[in-house]
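Asker: Have a look at this one.
The values are calculated or read from the model by the stated rules, or taken from the named source; none is laboratory data. This structure is a prediction, so every number in the text was calculated from the model and none was measured. Glycine also receives a Cβ, built like all others from the backbone with ideal geometry; neighbour counts cover every protein chain displayed. To get the accessible areas, we keep the full protein, side chains included, count just its heavy atoms, and leave off ligands, DNA and RNA. Shrake-Rupley method; radii C 1.70, N 1.55, O 1.52, S 1.80 Å.
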Amino acid sequence: MVMGCGMAKSAPRVNKFERAMRAALLIQRWYRQYVARLEMRRRCTWNIFQSIEYAGEQDQIQLYNFFGYLMEHFTPASSERNLISHIFRENGICRDIEWERYFCYKSVDVPDVYPGPHLNFPMTFCEASKLVEAFKHQQQLHSRYVLQLLGETWRLLKILPNVNHVSTCHTKEITICGDLHGQLEDLLLIFYKNGLPSSEKPYVFNGDFVDRGKNSLEILLILFAFLLVYPNGVHLNRGNHEDHIVNLRYGFTKEVLGKYRAHGKRILKLLQKIFSWLPLAAVIDHKVLVVHGGISDTTDLNIIAGVDRHKYVSALRPPKRSPQPGTGHQSQGLDDNWDESTFWPPDGRRRLHSLNHQSQGLGSRNDLQHRSLQNLSSGSSVEEELKRRRRQAGFSQSYGDLRKSFSPEPEPGGPAVGDEWKQIVDILWSDPMAQDGCMPNEVRGGGCYWGPDVTQDVLARHNLELLIRSHECKQDGYEFCHNRKVLTIFSASNYYEVGSNRGAYIRMGPDLVPHFIQYQSSRTCRELTLRQSVGRTERSALCALREQLFVHKSDLICAFQQYDPKNTGVISLKHWASAMEEVLKLGLPWRVLRSQLVSSTKHGLMDYQDWIRELSINEPKAELSNASILETMYKNHSNLETIFRIIDTDHSGLISFEEFRQTWKLLSSHLQTEISDEAIADLALSMDFNKDGSIDINEFMEAFRLVDLSAHAQEGGGGGGGPRLACCVEGGTST
């Protein structure tokens with residue numbers, strides 16, 4: 001009986017334990033599914049941000065290629081050519097003594113009321129640390145000290161090799177940082193956690209110091225200051241954004257001109273010179289290669305070490321060939337109104353979608369492409385000259401197709417210009433891929449994708465063990481690939497949105513084992529839960545994607561109609577996804593995103609006409625008579641702003657009506673679309689709010705800002721049914 005009673009009493013306890021275990025397993029399974037769903041949403045969000053970012057980079061390269069084509073094939077007297085010629089002139093032909101004069105700061109006085117930091121040269125650790133503290137408290141360095149600091153940096157960079165060799169010892173570690181992109185708070189957090197640079201705490205900063213963030217110049221000045229104090233302890237690699245052509249699109253040009261109105265143009269020109277002298281790579285203990293982008297199957301560190309890197313003022317274009325003796329070419333002096341006088345070489349050498357990977361030539365037709373255009377009318381429009389040139393060449397292709405046939409001419413006694421240039425473009429622009437091989441990087445538009453076999457070959461050929469690169473934002477701040485032989489490090493946290501990613505840096509000792517320190521500079525992000533962080537980033541990504549949908553509305557309608565030959569107004573979700581990718585070319589998982597983008601379906605079909613109507617906009621205050629111009633402008637918003645900044649040579653922020661017309665002519669020729677002079681004139685008049693006969697380009701770009709109506713509905717307590725894909729245009733006025 002006692003045993004029986006004991007058995008009877010223990011049974012409920014076993015059942016209770018089993019129920020608890022089952023509950024725990026159910027909770028664990030639910031949590032894993034919950035985390036998996038969040039991870040899927042996070043990856044989709046990441047793909048949206050990254051695809052839009054890379055599409056913008058390709059747009060910038062294609063636009064620059066178009067300008068290069070105009071420079072090669074248009075008459076020197078063409079007005080369109082004159083508008084853009086100044087960005088193709090080389091500043092490297094001037095003697096050092098002339099650059100010394102241009103760097104001169106002595107004529108710039110510092111007023112007694114100046115509240116910012118004062119610098120003394122030669123720089124000391126105390127001076128550099130004071131600069132850090134000043135920028136931490138949002139003080140601005142006087143332009144005299146900026147010019148002086150840039151001049152000293154240029155003189156030091158000139159004596160540095162293309163490939164810096166860095167060694168470790170048992171008493172110190174090397175710290176390696178990736179992209180900072182103008183985010184000063186990330187640099188300050190790295191210094192707080194890791195300490196300021198010194199002889200005992202050396203740093204390698206792996207490019208992309210500028211663009212996108214609002215404090216690019218401050219980051220440069222801090223890094224240059226510590227470089228001057230510890231030339232053997234601070235190593236700066238060039239990134240693909242240390243390029244004045246890229247800066248036109250991604251904000252650094254605008255930042256410098258906004259902060260230093262009186263001397264901004266001069267500072268920018270000096271920075272172009274400095275960027276061209278930044279080293280290209282670093283090698284740690286002869287075993288670890290550090291470059292910004294990556295490698296290709298032709299990467300050769302011996303060629304890279306011997307390149308005249310300062311010739312590549314912009315890596316988007318091969319350099320000008322050295323003038324031959326007896327040509328009579330004279331260098332010019334430099335002043336605030338100086339424009340370089342020598343054009344770079346013809347740029348008919350690259351694929352439209354990839355800078356340095358060639359396609360098959362067009363035979364004897366090449367000779368015709370190099371003929372002089374002096375016999376053409378100097379008053380010809382962009383469209384007329386393009387059409388005439390294509391007719392003379394016997395082609396019906398676009399300008400991009402014509403360019404595929406050109407190849408760089410070799411320099412006597414050395415590697416071909418194109419070989420050197422390709423080496424530089426590859427290490428600045430390339431990305432790794434999972435499969436073997438090497439192929440053009442048509443996603444970015446420059447460099448290549450390289451596989452594990454290429455990594456193995458290049459490392460073995462140079463007796464290296466590891467490649468460290470940056471160039472790609474990673475959610476955790478770092479990522480291994482290629483059997484842990486390639487390591488990506490990215491130091492700009494919250495790059496796409498608050499909570500989108502962590503930043504990281506590497507500590508590496510004599511054992512050459514990388515140790516990672518992760519961080520997020522935003523306190524708001526650290527206070528968010530995982531669900532809140534993913535949700536916030538997802539909303540931001542979907543907003544950016546909706547803007548893309550809006551600007552491609554007409555193209556989407558045409559694509560949907562191709563799948564609806566009977567004009568029923570409905571298509572399958574499969575066809576919807578196919579049409580979305582055909583038009584936007586973003587490589588996104590459209591079927592996964594369907595629930596976020598399509599609010600209602602019936603029997604697996606969607607009414608695409610209703611869906612398109614949800615993309616309707618409210619007309620701006622400045623009404624346009626030609627709706628197609630409005631859509632064209634949205635679709636090419638960044639291209640248009642880039643052209644504006646190129647044409648606005650005096651950086652006044654104003655362009656005349658005639659310059660405005662030429663801007664639109666350039667854009668329409670680049671897009672191969674027809675925009676009449678009357679339509680352009682109507683747009684110009686509608687944007688001249690204060691009727692002064694000129695257009696403020698900054699207000700122009702702001703006047704047509706897309707606004708997500710679903711966000712307003714949520715703020716106002718608007719009801720569910722999922723986010724609506726409705727955007728409006730806010731009309732802006734200036735007073």
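Asker: Quick one: order LYS214, LYS265, LYS172 from most to least accessible surface, probe 1.4 Å. Could you put the intermediate results ahead of the total?
Answerer: Numbers: LYS214 150, LYS265 70, LYS172 50 Å².
Largest to smallest exposure gives the sequence LYS214, LYS265, LYS172.
Asker: Sticking with this structure for a sec: Run the simple label-point estimate for LYS158 and SER578 please: 7 Å along Cα→C-beta, distance reported in nm.
Answerer: Label-label distance for LYS158 and SER578, simple model: 6.2 nm.
Asker: Just the Cα atoms of segment 466-576: what Rg and Dmax do they give in Å?
Answerer: Computed over the Cα atoms of segment 466-576, radius of gyration and Dmax are 20.9, 70 Å.
Asker: Continuing with this model, one more query. How much length, in nm to one decimal, is gained on full extension between ASN690 and LEU26, taken as 0.36 nm per residue of separation minus their Cα-Cα distance?
Answerer: Values: separation 664, 0.36 × 664 = 239.04 nm, distance 6.66 nm.
Extending this stretch completely gives an extra 232.4 nm.
Asker: On to the next question. Taking 35 Å as R0, compute the FRET efficiency from the Cβ-Cβ separation of VAL513 and LYS214 and round it to 0.05.
Answerer: Working: r = 36 Å, r/R0 = 1.02.
That pair, VAL513 with LYS214, gives E of 0.45.
Asker: Could you check the simple spin-label distance between HIS86 and ASP112, using points 7 Å along Cα→Cβ, in nm with one decimal?
Answerer: With each label placed 7 Å out from Cα toward Cβ, I get 3.8 nm.
Asker: Take ASN567 and ARG591, extend 7 Å from each Cα along the Cα→Cβ direction, and tell me the distance between the two endpoints in nm.
Answerer: Output for this residue pair reads 3.2 nm.
Asker: Grab every C-alpha pair in segment 206-276, bin the distances at 5 angstrom width from 0 up to the longest one, and report whole percents.
Answerer: For segment 206-276, the pair-distance distribution reads 3, 17, 28, 29, 14, 8, 2.
Asker: Calculate the dipole size of segment 179-303 relative to its Cα centre from +1 charges on Lys and Arg beta carbons and -1 charges on Asp and Glu beta carbons; express the result in debye to the nearest 20.
Answerer: For segment 179-303, the charge dipole is close to 660 debye.
Asker: I need to check one value: relative contact order of segment 113-173, counting alpha carbon pairs closer than 8 Å and at least 6 residues apart, in percent.
Answerer: Normalised by residue count, the contact order of segment 113-173 is 33 percent.
Asker: So what does ARG19 come to for accessible area, using a 1.4 Å probe and Å² rounded to 10?
Answerer: Number for this one is 140 Å².
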